[in-house]
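*Asks:* So that we are looking at the same thing, I have put the structure below in structure tokens.
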Amino acid sequence: MTNFSIKTETIAIRPFKDQKPGTSGLRKTVKHFQSPHYLETFIQSIFNSLPTLKGSTLVLGGDGRYFNREAIQIILGMATANQVGKIILGQSGILSTPAASQLITDYNALGGIILSASHNAGGKAGDFGVKFDTANGGPAPEKLTNSIYQIASHLTSYKIAHLAHVSLDQLGHYQYGDMSVEIIDSVKNYSTLMGSIFNFGRIATLLTSDDFSMCFDAMNAVTGPYAISILEDQLGAPKGTVIRGRPLPDFGGKHPDPNLAHAKQLVATMYQTENTPHFGAASDGDGDRNMIMGDHFFVTPSDSLAILAANAHLIPAYSKGIKGVARSMPTSAAVDKVAKKMGINCFETPTGWKFFSNLLDADQITLCGEESFGTGSNHVNEKDGLWAVLFWLNILAERKISVKNIVLQHWQEYGRNYYTRHDYENIPVDAANTLFNHLYQHLETLPKQQFGDYTISDADDFRYEDPIDQSISEKQGIRILFDNDARIIFRLSGTGTEGATLRVYIEKYVTNNNQFEIETQTALAPLIKIATHIADIKQQINRDEPTVIT
Ligand code: VG1
Ligand code: CO
């Protein structure tokens, strides 16, 4: 092993005041991240927030987006200069978020730096991001992200070593001064873990059967290598099952967001008239989200979570029962119905995976998920796209009925929670704030108001007290509850990089069999109208239609 010599420098800077992490890490445009000392300031602030950094192990990797490799070179130089003991680096700088999370615990690391802006567009004109996961493999809790933000706003210098350009592609051990770098296979540990959770034998039988076909859209993002290795190479799915499998710095110029609006190729395949696959799935930029489809059928993420919970007994790792479940507040209450029947706890947390971590660590929950195409379990402390896909495949292998029939049977047993999310993207920040102020002012007057069949029973601003550490998170979204289990929720996105994004979540619960197959937007039309009226959307933000409907 060569020991490359190093020269460390301390660079004086003026602090940055805009490094407040949002729902999931710090996200800015690539251009913003490339401005002098910007990335370095955030990384130094993460390092300064960790009292036991010296001699520790950190995991490092990203979703392969534009600036990934350059950022890794910078971070390696800074880690050496800050006396990090060891870096576990995904080959070619590639690690999906769930794989990074697993490596943190596998290697007893102090944490991990994941370079990704997840579902945001990539490329030179796109977004970049940095997430930090702690020793439990979970997203940094608010206390830590606030402290990193505070440090960044006062930071006056950072340390960096000028390493000879590190080749990121060759597996092996490298030594830079006192710091070692181990470049590991990005997929190996992850696929072993998946094999220990699911019945790979059964899934392989399904994937190689003449009566079954699937299409997995990796969206030219990080899941490609994972999906090809697991689905095609190990489980025997025909070559070509994974489409857009090569991670590209600009995701092929598309949005790596697995939903009906952005996974167009998959949606077209699942709705084609001939040779329609039986199962379709997609994952996002950093591999933590999933979209599930059947032949001419879309499964909402909220329903998917409920169905995973109801079928968990079919999966080897969960066959002894699940402890409890959790969902983010805007996620539909479909999983609540399953939890009730199973007699287990169901927690309602604010949006963002970091709020599940304490519940997972305290063994209060086994499964959790969000309406935004994220599901996960206690196997890692992050949401996990491919895990959800394998979960569905395992269910399909056991139940031997179609995706659509699994969902229809689920609704018959539990009722259906019709659900949609309307996003108004890139609206002026001032207009968004005015809309919310207007809503806050009217909140108290809403209960008992009647709109057609719907009467408001309660309206509040969601506040969460963590049941494990009692930390409080305020202002997590406005909830308007109706007396027939319908809900409307208003939130502002915390992952965008331009203007503000208003998210409106709309839900209605039906138990009547002959009301199960109405088109979603039609079924929810009266509530959509009520939401537009209550928030005075047209007037406040001057938009007639949402930008994206999921
Ligand atoms: C969105 C989703 C949220 C998710 C977050 C990170 O946040 O709504 O549920 O946890 O993205 O997902 P927001 O604040 O924009 O609504 V990922 O896959 O982008 O890390
Ligand atoms: Co993601």
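*Asks:* Through the Karplus equation 6.51 cos²θ - 1.76 cosθ + 1.60, θ set to phi - 60°, convert the phi angles of the stretch 111-119 into ³J(HN,Hα) values in whole Hz; use x for Gly and Pro.
*Replies:* So the Karplus estimates, Gly and Pro as x, are x, x, 10, 10, 8, 6, 10, 6, 7 Hz.
*Asks:* Can you spot the lysines whose alpha carbon is less than 25 Å from residue 320's alpha carbon? Ignore those fewer than 8 places along the same chain.
*Replies:* 337, 340, 341, 383, 400
*Asks:* Give me the count of lysine pairs in the stretch 1-160 whose alpha carbons sit under 13 angstrom apart, restricted to pairs 8 or more positions apart or on different chains.
*Replies:* On the way: 7/159; 20/28; 20/131; 20/143; 28/124; 28/131; 31/124; 54/86.
Taking the stretch 1-160 as the scope, the lysine pair count is 8.
*Asks:* Same structure again: Show which aspartates and glutamates lie in cross-link reach of residue 404 when reach means a straight Cα distance below 20 angstrom and same-chain residues fewer than eight apart are skipped.
*Replies:* Partners found: 210, 211, 217, 274, 295, 303, 371, 413, 517, 519.
*Asks:* Further question on the same structure: Report, by chain and number, residues whose modeled amide H sits under 5 Å from the one on residue 117, excluding near sequence neighbours (fewer than 5 apart, same chain).
*Replies:* The answer is 129.
*Asks:* Next up: What translational D, rounded to a whole number of µm²/s, comes out for the stretch 2-186 from Stokes-Einstein when the hydrodynamic radius is the Kirkwood one over Cα pairs, at 4 °C and 1.567 mPa s? Could you put the intermediate results ahead of the total?
*Replies:* Numbers: Rh = 16.0 Å.
Diffusion coefficient, whole number: 81 µm²/s.
*Asks:* In addition: Write down Rg/Rh for the stretch 416-549, rounded to two decimals, with Rg from the C-alpha atoms and Rh from the Kirkwood relation over Cα pairs. Provide the component values of the computation, followed by the final result.
*Replies:* Working: Rg = 15.4 Å, Rh = 15.8 Å.
When Rh is taken as the Kirkwood radius, the ratio is 0.98.
*Asks:* If you don't mind, there's one more thing I want to ask. Mind pulling the angle between the C-alpha long axis of helix 142-154 and the longest principal axis of the chain? Nearest 10 degrees, somewhere in 0 to 90.
*Replies:* 50
*Asks:* What is the magnitude of the charge dipole of the stretch 190-414 about its Cα centre, with +1 placed on the Cβ of each Lys and Arg, -1 on the Cβ of each Asp and Glu, and no other charges, expressed in debye to the nearest 20?
*Replies:* Numbers: 18 positive and 23 negative charges, 68 e Å.
That gives a dipole near 320 debye.
*Asks:* Another question, if that's okay. Would you mind checking which residues have amide H under 5 Å from residue 347's amide H? H placed 1.01 Å from N; only 5 or more apart, or other chain.
*Replies:* Long-range HN contacts for residue 347: 325, 326, 327.
*Asks:* Same structure again: Which lysines have a Cα lying under 18 Å from the Cα of residue 529, excluding residues fewer than 8 positions away in the same chain?
*Replies:* 448, 508, 538
*Asks:* Where Rh is the Kirkwood radius over the Cα pairs of the chain, the temperature 20 °C and the viscosity 1.002 mPa s, what D in µm²/s does Stokes-Einstein return? Don't jump to the answer; show the numbers that get you there.
*Replies:* Working: Rh = 24.0 Å.
Answer from the Stokes-Einstein relation: 89 µm²/s.
*Asks:* Kindly write out, for the stretch 475-492 in residue order, the coupling ³J(HN,Hα) from the Karplus curve 6.51 cos²θ - 1.76 cosθ + 1.60 (θ = phi - 60°), rounded to whole Hz, with x marking Gly and Pro.
*Replies:* 6, 9, x, 8, 10, 10, 9, 10, 6, 10, 6, 7, 9, 10, 10, 10, 9, 9
*Asks:* Whose amide H sits under 5 Å from the amide H of residue 242, counting only residues 5 or more places off or on another chain, with H placed in the peptide plane?
*Replies:* Sorted by chain and number, the residues that satisfy this are 216.
*Asks:* What is the magnitude of the charge dipole of the chain about its Cα centre, with +1 placed on the Cβ of each Lys and Arg, -1 on the Cβ of each Asp and Glu, and no other charges, expressed in debye to the nearest 20?
*Replies:* Details: 47 positive and 57 negative charges, 118 e Å.
Computed about the Cα centre, the dipole is about 560 debye.
*Asks:* Here is a follow-up. If I fit a long axis through the Cα atoms of helix 38-48 and take the longest principal axis of the Cα atoms of the chain, what angle between them do I get, 0 to 90°, rounded to 10?
*Replies:* 90
*Asks:* Given the rule -39500 (n - 2.57) for each run of at least 4 DSSP H residues, summed and divided by the residues of the chain, what is its mean residue ellipticity at 222 nm, to the nearest 500 deg cm²/dmol? Numbers along the way, then the final one.
*Replies:* Values: 18 runs with 171 residues, N = 550.
About -9000 deg cm²/dmol.
*Asks:* Work out the charge dipole of the chain with +1 on the Cβ of Lys and Arg and -1 on the Cβ of Asp and Glu about the Cα centre, then indicate which of 418, 156, 386 is farthest towards its positive end.
*Replies:* Checking the options against the dipole of the chain, the answer is 156.
*Asks:* Taking θ = phi - 60°, what integer Hz values does the Karplus form 6.51 cos²θ - 1.76 cosθ + 1.60 yield along the stretch 77-89, in sequence order, with x for Gly and Pro?
*Replies:* Per-residue couplings from phi come out as x, 6, 5, 4, 5, 9, 6, 5, x, 8, 10, 9, 10 Hz.
*Asks:* May I pose another question? Please report, in Å, the Rg and the Dmax of the stretch 190-414, where both are computed over Cα atoms only.
*Replies:* Here Rg and the maximum Cα pair distance are 16.2, 48 Å.
*Asks:* Work out the charge dipole of the chain with +1 on the Cβ of Lys and Arg and -1 on the Cβ of Asp and Glu about the Cα centre, then indicate which of 32, 183, 11 is farthest towards its positive end.
*Replies:* Farthest towards the positive end: 11.
*Asks:* Just to be sure I understand: if I project the alpha-carbon convex hull of the stretch 408-467 onto a plane and average over all orientations, what area do I get in nm²? Before the final figure, lay out the partial values.
*Replies:* Details: hull surface 31.2 nm².
Value for the stretch 408-467: 7.8 nm².
*Asks:* Tilt of helix 403-414 relative to the longest C-alpha principal axis of the chain, in degrees (0 to 90, nearest 10)?
*Replies:* Roughly 60 degrees between the two axes.
*Asks:* Can you find, among 325, 279, 472, the residue sitting farthest towards the positive end of the charge dipole of the chain, where Lys and Arg contribute +1 and Asp and Glu -1 at Cβ?
*Replies:* The one lying farthest along the dipole's positive direction is 472.
Where a number appears in this text, it was derived from the coordinates with a stated rule and is not lab data. Predicted model only: the values in this text are computed from it and were never measured. Backbone-built Cβ (ideal geometry, glycine too); neighbour counts: all protein chains shown.
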